[in-house]
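A.B. asks: The structure that follows is given in the form of structure tokens.
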Amino acid sequence: MKKTNGTGWLFASPYLLYAIIFFAVPLIWSMYLSFTDWNLISPVYYFKGFDNFIEAVKHPGVQAAFFVTFKFMAAFVPMVIVSSLAVALVIHGLPKFKGLFLIGFFLPYLASGVVSSLIVKGLLSHNSAFNVFLRNFGIEIDWLSTPLSALLVVAAIIAWKFTGYYALILTAGFESINKDVYEAAAIDGVTPSQRFWKITLPLLYPALFTVLILSIGVSFGIFTEVYQLTGGGPNYATNTWQMEIFKQAFTNLSAGYASAVAIIASVVTFASILIIRKLLEMWGKRNGWV
Amino acid sequence: MVGSKKGLTFRYLIAFALLIVMVFPYLYMVMNSFADWTQVDKKVVPTELTLRSYEWLFSGGEAGIARPWLKAFFNSVIVSTASTALMMVTGAMVAFALAKMNFRGRDFINNAVLFQMFFPAIILLIPTFLIIQNAGLYDTYTAMILPKAMSLWAVFMYTNFFRAIPDTFIEAAKLDGASNFQILYKIVLPMSKSITTVVFLFLFMERWTELLWDMIVVRSDSMLTLNVLLSQMFGPYGGYPGPMYAASVLLTVPIIILFLFFSKQFKEGMQFTLK
């Protein structure tokens, strides 16, 4: 190919404009704001040095966001892995209706978080069929006002949404495994548990790794369901980073302080994902899966 | 591992059972939107049906809490369509440059796209809002469209797909005197229909269900998207779950129809993305 400098830049120009206006400028502006006490309205503001950061680290909402993200991950990732693995195990290689299943299981991914929150709110409302049923057994749970169940409910809604999408990835993973491997193993008298750990898992690992990374990424960006159902409560039990930043910036109008929180959130997110990714790669290598 | 005939029947039974569980929330939403108001959220399958929730939604119900649901639907269509169209055009253009053009700085742009794609976007929320506000765009369609006029994910997907298209097609078209825009529009994009469907569906769906951004840049009732309006009505319509389910149907059914309409191409396109 010969060099096409001019047209190359012309075609890439939408990205350049976008990167300057909606990435570089906001990034610098955000850092600038994080050192001020600006309140989103007043024309006057003062520099506070690192005070916003110190204040943020001490704030229960920020501390909660840090831990809630990991708690959420601990609930959501196993839930979504188990459910998408179950779906993929059942539907891979089916001779008929596989298309119907792939499309059907994907439908929850289309749901707005607002709608799924509304449905769950209805399903869990005080006199819902579900709660009345539980009451027969003397079980009475105020789902969204109990810290642990509120977190689990939000995790379950998001697991519901992503199951079909991840099952699609895992199904493709299962189907890429050569059937001959299993036949050869059967001849060698391999037990079912050996077959899973020594053959299926290593060969499925690339797909599983993708799903793990994607689901961990999702854990850092929860907003809609929490905003709709709990507002971050009860007592910060579901207070995600997005929720905390939204409250500080657009409810309390503390734009300067919220910018500092956003910077902390970004650094924590970036570092966590990087570290988890490295750990997963090491885990895969140590077991000889990669 | 298809297994015996008996095993296969068993797997079909489980698969259908799982499918029903997974789509149950949608069924629950639709049933409750038609349920008699005494039965909303009280029965798993309502026995008395009525259109009252829909009538109430569109006629405005009791004075004071009427809301422009149809206008909101219309707003969602405008914003999602414009935003998705822009994301696809810009995505294909930039990807074409990255995959099929050789120019100084290409690797730098490629790396910048990847870096930005994995960068936590939350840090940009407040200043992006300020940029929109200072540009005098607060409470406009442009405010909802412009910051979402480009998708790095779309660039990434298209770049990978375009790279797999042999250069000979492009060289041949160049010899025939075709411009780069013509090559992209007449040769490369028609070869990319399946991936275009995947990119379109993901982008449109994501845009249609956006909450946070559309919520902070718009204030007037007449500008709200359907998703934001539904979100705002959780409180005021708290005592009217029936109409809330009807509004949810209004929000959800179009996107499902769109998806089912393109499902064949979607399956083909996903084959590529999952490789």
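The values are calculated or read from the model by the stated rules, or taken from the named source; none is laboratory data. Source: prediction; values computed, not measured. Every residue, glycine as well, gets a Cβ built from its backbone with ideal geometry; the counts of neighbours run over all protein chains shown. Protein only, heavy atoms only, side chains kept; ligands, DNA and RNA dropped before computing areas. Shrake-Rupley method; radii C 1.70, N 1.55, O 1.52, S 1.80 Å.
A.B. asks: Within the stretch A:239-268, which residues are free of Cβ contacts under 8 Å to residues at least 40 places away in the same chain and among the small types (G, A, S)?
C.D. replies: Of everything in the stretch A:239-268, those that are free of Cβ contacts under 8 Å to residues at least 40 places away in the same chain and among the small types (G, A, S) turn out to be A:A258, A:S266.
A.B. asks: Among the residues of the stretch B:192-215, are any open to solvent by 20 Å² or more (accessible area, probe 1.4 Å), of a type in the set (A, V, I, L, M) and more than 9 Å from chain A (Cβ to nearest Cβ)?
C.D. replies: No, because not a single residue in the stretch B:192-215 is open to solvent by 20 Å² or more (accessible area, probe 1.4 Å), of a type in the set (A, V, I, L, M) and more than 9 Å from chain A (Cβ to nearest Cβ).
Residues are listed down the side, and each one gets a yes or a no for (1) modelled with pLDDT of 90 or more; (2) within 12 Å of chain B (Cβ to nearest Cβ):
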| residue | (1), (2) |
| --- | --- |
| A:S30 | yes, yes |
| A:L40 | no, yes |
| A:H59 | yes, no |
| A:K71 | yes, no |
| A:M79 | yes, no |
| A:K98 | no, yes |
| A:L102 | no, yes |
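A.B. asks: Further, regarding this structure: Determine, yes or no, whether A:T210 is open to solvent by less than 50 Å² (accessible area, probe 1.4 Å) and under 15 Å from the mean Cα position of the chain (by Cα).
C.D. replies: Taking the combined requirement at face value, the residue does not satisfy it.
A.B. asks: A:K121 versus (1) within 20 Å of A:G233 (Cβ to Cβ); (2) open to solvent by less than 50 Å² (accessible area, probe 1.4 Å): which is the lone unmet condition?
C.D. replies: (2)
A.B. asks: Among the residues that make up the stretch B:262-275, is at least one of them among the β-branched types (V, I, T) and either within 8 Å of another protein chain (Cβ to nearest Cβ) or touching a Ser or Thr at 6+ places or on another chain (Cβ under 8 Å) (or both)?
C.D. replies: No, every residue in the stretch B:262-275 fails to be among the β-branched types (V, I, T) and either within 8 Å of another protein chain (Cβ to nearest Cβ) or touching a Ser or Thr at 6+ places or on another chain (Cβ under 8 Å) (or both).
A.B. asks: Considering only residues of the stretch A:238-252 that are within 18 Å of B:R219 (Cβ to Cβ) and facing chain B (nearest Cβ under 10 Å), which is least open to solvent (accessible area, probe 1.4 Å)?
C.D. replies: Among them, the one singled out is A:A249.
A.B. asks: Now for a different question. Against the condition within 30 Å of A:A156 (Cβ to Cβ) and buried (at least 19 other Cβ atoms within 10 Å of the Cβ), how does A:A65 come out, does it pass?
C.D. replies: When the stated conditions are applied, A:A65 passes them.
A.B. asks: Here's a follow-up. How many residues are polar (S, T, N, Q), in contact with a Leu (Cβ under 9 Å, 6 or more places away or on another chain) and over 29 Å from A:M73 (Cβ atoms) if we restrict to the stretch A:169-212?
C.D. replies: The number of residues fulfilling the criteria is 1.
A.B. asks: Given (1) under 30 Å from A:Y165 (Cβ atoms); (2) modelled with pLDDT of 85 or more, where does B:G3 come up short, assuming only one miss?
C.D. replies: Evaluating B:G3 over (1) under 30 Å from A:Y165 (Cβ atoms); (2) modelled with pLDDT of 85 or more leaves (2) as the failure.
A.B. asks: Any residue at all in the stretch B:133-145 that is within 11 Å of chain A (Cβ to nearest Cβ), among the aliphatic types (A, V, I, L, M) and open to solvent by 60 Å² or more (accessible area, probe 1.4 Å)?
C.D. replies: There is at least one residue in the stretch B:133-145 that is within 11 Å of chain A (Cβ to nearest Cβ), among the aliphatic types (A, V, I, L, M) and open to solvent by 60 Å² or more (accessible area, probe 1.4 Å).
A.B. asks: Hey, another quick one. Among the listed residues A:P95, A:P147, which satisfies the condition of being touching a Pro at 6+ places or on another chain (Cβ under 6 Å), over 28 Å from B:A247 (Cα atoms) and open to solvent by 10 Å² or more (accessible area, probe 1.4 Å)?
C.D. replies: Result of the check over A:P95, A:P147: A:P147.
A.B. asks: Among residues belonging to the stretch A:11-28 that are at the interface with chain B (Cβ under 8 Å from one of its Cβ atoms) and farther than 17 Å from B:P147 by Cβ, point out the one that is surrounded by the most Cβ atoms within 10 Å (Cβ to Cβ).
C.D. replies: Here the residue is A:A12.
A.B. asks: Could we say that B:I20 is outside any loop (DSSP other than H, G, I, E, B) and facing chain A (nearest Cβ under 8 Å) here?
C.D. replies: So B:I20 does not fit the description; no.
A.B. asks: Does the stretch B:257-266 hold any residues that are touching a helix residue (DSSP H, G or I) at 6+ places or on another chain (Cβ under 6 Å), in a helix (DSSP H, G or I) and open to solvent by 20 Å² or more (accessible area, probe 1.4 Å), and which are they?
C.D. replies: Residues satisfying the conditions are B:S263, B:Q265.
A.B. asks: Something else now. Condition first: in contact with a helix residue (DSSP H, G or I) (Cβ under 8 Å, 6 or more places away or on another chain) and surrounded by fewer than 13 Cβ atoms within 10 Å (Cβ to Cβ). Now tell me which residues in the stretch B:36-84 satisfy that.
C.D. replies: Listed by number, the residues that qualify are B:V45, B:L49, B:L51, B:L70.
A.B. asks: Answer yes or no as to whether A:A111 is within 8 Å of chain B (Cβ to nearest Cβ), touching a Ser or Thr at 6+ places or on another chain (Cβ under 8 Å) and in contact (Cβ under 8 Å) with a residue 12 or more places away in the chain.
C.D. replies: Taking the combined requirement at face value, the residue satisfies it.
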